[in-house]
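Take a look at the structure set out below.
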Amino acid sequence: MDPSRYDLMTPEEKEADVMTLLDQTQESLLGSDGNREQVGKALDRLFGDLNSQRLSCGHEHWQSLIQHCRNHPLLTTLHHDPFTGRAFAKPRGYAGDAELIDLIYGPEDRMPVPEATQLGLDIYSYTTSAPAAEGVRARRGFIADLIDTTTNERPGQHILAIAAGHLREANLTTAVRRRRMGRFVALDSDPLSLAEVDRAYGPYGVETVPASFGVLITNRLQIGSFDLIYSTGLFDYLNVNTGRRLVTTMFEMLKPGGQLVVANFLPGIRDIGYMEAFMDWKLVYRTRQDMVDLTAEINEADMQHLALFAEENSNIIFLHVTKK
Ligand SMILES: C[S@@+](CC[C@H](N)C(=O)[O-])C[C@H]1O[C@@H](n2cnc3c(N)ncnc32)[C@H](O)[C@@H]1O
């Protein structure tokens, strides 16, 4: 549907339009009977139309449309998908836990298929191929390549991952398997996530630090200095002030010539409407300018180089800063 169509609608017309969309999606999903193409078509329309609605209305009206989504039986149907259901349920008490992110990496890493109904798996196949999930996989690939390139050039580098989750980029690097890095430290506030890092990558020398990044910012924890410090899947939750303080802290923890990398979702991604309505997953989306703003408190004279890269599908942006 033409997204500009919504700009001409009254709030009542938009509400009626959403209700029709929800009813028709529900009917199509429940009648799909293992037909993945039918599920894909229904979800394509749901993702596209919800996001167009979101973009065409103010914050309050969008919140009221979200309530319609939450009150509709389609919510229960969509939660047959383990990815959508877990994001909404937040069993660890916060959004985006490492088990959830494993549901995105799972098909690529040949992890066991999650338990779900046939319809749930059909929806899962769609949601984990959608742009946000594609972006998360591309983000991991970018970091894995960076680790391999830098440790190939100079073996023995000290690397720190902040909000490491399960550190699944380690599955894609040869640096870890061949122990080409000096130290590789995974910091995360969730001890359950780090238990998995210890299990999977501890034997290759990866160290874990169970702590919030807050203790780094306030200087309450000294864990050394590093050649590469990166953070993926964290800044999407941070406001600009916290984001700036963390980028400055990361910069201060770099050795001379060291590099920091921060990833963030870009604002144009089509999944946002679905994520907010059915996954209760609200992120901070950043433009290129917003990413540069994160460096505002770094002393200009100490910076060697600043660059921005978008991953191949332009869903995620990386800030890359090197220190003199
Ligand atoms: C979306 S996951 C990203 C995991 C991994 N970096 C990746 O890209 O796959 C977000 C991670 O941030 C961690 N986290 C959330 N708040 C944190 C904090 N204050 N300090 C450190 N880690 C935090 C969570 O425990 C979770 O593992």
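The values are calculated or read from the model by the stated rules, or taken from the named source; none is laboratory data. As the structure is a prediction and not an experimental result, all values here were calculated from the model. Virtual Cβ from ideal backbone geometry, glycine too; neighbours counted across all protein chains shown.
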Return yes when residue 233 is within 12 Å of the ligand (Cβ to nearest atom) and free of Cβ contacts under 8 Å to residues at least 40 places away in the same chain and no when it is not. no
Based on what the data block shows, is residue 117 over 23 Å from residue 216 (Cβ atoms) and in the same structural domain as residue 263 (by TED's automatic domain parsing)? no
Contact list, first residue from the range 260-272 and within 16 Å of residue 233 (Cβ to Cβ), second anywhere and of a type in the set (Ser, Thr, Tyr), beta-carbon distance below 6 Å, six or more apart or interchain, is 261/230; 262/231; 263/232; 265/285
For the range 284-310, give me each residue that is in a loop (DSSP other than H, G, I, E, B) and either closer than 17 Å to residue 128 by Cα or touching a Leu at 6+ places or on another chain (Cβ under 8 Å) (or both). 284, 285, 286, 287, 294, 295
Of the criteria (1) exposed (fewer than 15 other Cβ atoms within 10 Å of the Cβ); (2) within 12 Å of the ligand (Cβ to nearest atom); (3) at pLDDT 95 or above, which one residue 101 fails: (1)
Can you spot a residue in the range 18-32 that is modelled with pLDDT under 95 and loosely packed, with under 14 Cβ neighbours inside 10 Å? no
Restricting the range 83-93 to residues that are in contact (Cβ under 8 Å) with a residue 60 or more places away in the chain and within 12 Å of the ligand (Cβ to nearest atom), the one surrounded by the most Cβ atoms within 10 Å (Cβ to Cβ) turns out to be 87
Checking residue 196 against (1) within 11 Å of the ligand (Cβ to nearest atom); (2) in contact with a Leu (Cβ under 8 Å, 6 or more places away or on another chain); (3) in a helix (DSSP H, G or I), which single condition isn't satisfied? (2)
Going through 170, 163, 263, 186 one at a time, which residue ends up being on the phi > 0 side of the Ramachandran plot, within 12 Å of the ligand (Cβ to nearest atom) and outside the structural domain of residue 75 (by TED's automatic domain parsing)? 163
What single numbered condition from (1) surrounded by 14 or more Cβ atoms within 10 Å (Cβ to Cβ); (2) without any contact (Cβ under 8 Å) to a residue 40 or more places away in the chain fails to hold for residue 276? (2)
